[in-house]
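The values are calculated or read from the model by the stated rules, or taken from the named source; none is laboratory data. Fair warning: this is a prediction, and the values are worked out from it, not measured in the lab. Cβ atoms come from the backbone with ideal geometry, glycine included; neighbour counts cover every protein chain shown. Heads up: the accessible areas ignore ligands, DNA and RNA and are worked out on the full protein's heavy atoms, side chains in. Shrake-Rupley method; radii C 1.70, N 1.55, O 1.52, S 1.80 Å.
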Amino acid sequence: MTNESLLAKKQREMGFLHHFHHLGYDLIDLGVVEKFEWTQLSHDDLHLMLNRHKWQSGDKLFALRSDWTNAIVRYRKQYHLRADKIAYSGPVYSLQKERHQLGVETFTDSIPKQIEVLGDMITFMEKELNLSLSVAVVSHNKLLKKMLSPRELEDPSVRKFICERNQDALKHRLGADHPLIGLMDQAPTEQASYLKENYPELTRHLDELAEWEATLKSKNVDYVYADMLALPNQSYYKGIFIQLYGENQTEPVASGGQYTSSSKAFGMAINN
């Protein structure tokens, strides 16, 4: 990394923190090494451990931070943090790579307030980072959970075939009459109607999906796509999850979604 690129990276980080400080967000910084008690590991902790650098010392488990949201939720619970909106910046480490994230979290079940935080992030990306957002993919984790059994949902091969949209392989694995195959037979524009007709209990979630889709369209994203077959990239997402793409980019420049802390919450992070 050259001097110029290092300075640009640090300036971007400071610019992000200053920007959200002036918007009334509380800033937070946490240590990169996290300590765990074996008996207090949550389901999400256990799931994330599979992809973390970790070691044991005595009866304590230590790991490099692999996810900011999970770390903030545990910190907020431990120290009774009352902040409604948080901004953060710092590295995360998985077994595959190191990333630097700029992110925001809001702890509220108010959809308008969650949407406001999404808007703050998009505005920063467009005006401060000069990012032109070309594509937004918005999904809801309740959809596939309704059509797949817990065992099917955790099956690595099923998840792989869904990500690949490999209908033939899914037919072989799940059966040709599986409801997921019925959904895949529909044109993308008809999938929401198909789900409402066959799973009326999903109507509320589909309407929520449409609300977020309309919000993203109002933010001048070139193309907004509601994906009924998307799998969340984090196990803790409990509702809407979103991926934002820049022009001609195949990897999302930012992602986030709804999850449950001590109450409902929403977070979004830019990956550097």
Quick one: Karplus J couplings for segment 84-93, per residue in order, coefficients 6.51, -1.76, 1.60, θ = phi - 60°, nearest Hz, x for Gly and Pro? 7, 9, 10, 10, 8, 8, x, x, 10, 10
Global geometry of segment 1-46, whether rounded, prolate or oblate, following the gyration tensor of its Cα atoms and the 1.5 cut on a/c: oblate
Could you pull the accessible area for Lys54 with a 1.4 Å probe, rounded to 10 Å²? 100
Take the cross-link list Lys10/Lys77; Lys146/Lys264; Lys85/Lys146; Lys9/Lys219; Lys77/Lys142; Lys113/Lys142 and give me the ones stretching past 28 Å between alpha-carbons. Lys10/Lys77; Lys85/Lys146
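Looking at the chain, identify the longest residue range that excludes and avoids all GluC sites (Glu not before Pro) in DSSP loops having at most 14 other Cβ atoms within 10 Å. Working shown, then result.
Working: sites that count: Glu128, Glu247.
Longest run free of exposed loop sites: 1-127.
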At 1.4 Å probe size, with the rest of the protein present, what percent of the exposed accessible area of segment 1-107 is carbon and sulfur atoms? 54
Decide, for segment 1-107, between rounded, prolate and oblate: order the square roots of the alpha carbon gyration tensor eigenvalues as a ≥ b ≥ c, take rounded if a/c falls under 1.5, and otherwise choose prolate if a/b is larger than b/c, else oblate. oblate
What does the accessible area of Thr39 come to, in Å² to the nearest 10, when a probe of 1.4 Å is used? 130
Percent relative contact order for the chain, counting Cα pairs under 8 Å at least six residues apart, stands at 21
What figure in square angstrom, to the nearest 10, would you give for the accessible area of Val135 with a 1.4 Å probe? 40
Taking the alpha-carbon centroid of each part, what is the distance from segment 18-45 to segment 66-104 in angstrom? 4
Heavy-atom surface of the chain, accessible at 1.4 Å and reported per residue (Å²): 53
Cross-link partners among aspartates and glutamates for Lys196, C-alpha distance below 20 Å, same-chain residues fewer than 8 apart left out? Asp177, Asp185, Asp207, Glu208, Glu211, Glu213, Asp227
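Quote the charge dipole size of the chain about the Cα centre in Debye, to the nearest 20; the model charges only the Cβ of Lys and Arg (+1) and of Asp and Glu (-1). It would help to have the intermediate numbers written out before the result.
Values: 32 positive and 36 negative charges, 143 e Å.
Value, rounded to 20: 680 debye.
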Taking a ≥ b ≥ c as the square roots of the Cα gyration tensor eigenvalues, with a/c under 1.5 meaning rounded and otherwise prolate when a/b beats b/c, else oblate, which class fits segment 200-272? oblate
Wrap a convex hull around the Cα atoms of the chain, take a quarter of its surface area, and give that in square nanometres. 16.1
C-alpha long axis of helix 203-218 to longest principal axis of the chain, angle in °: 60
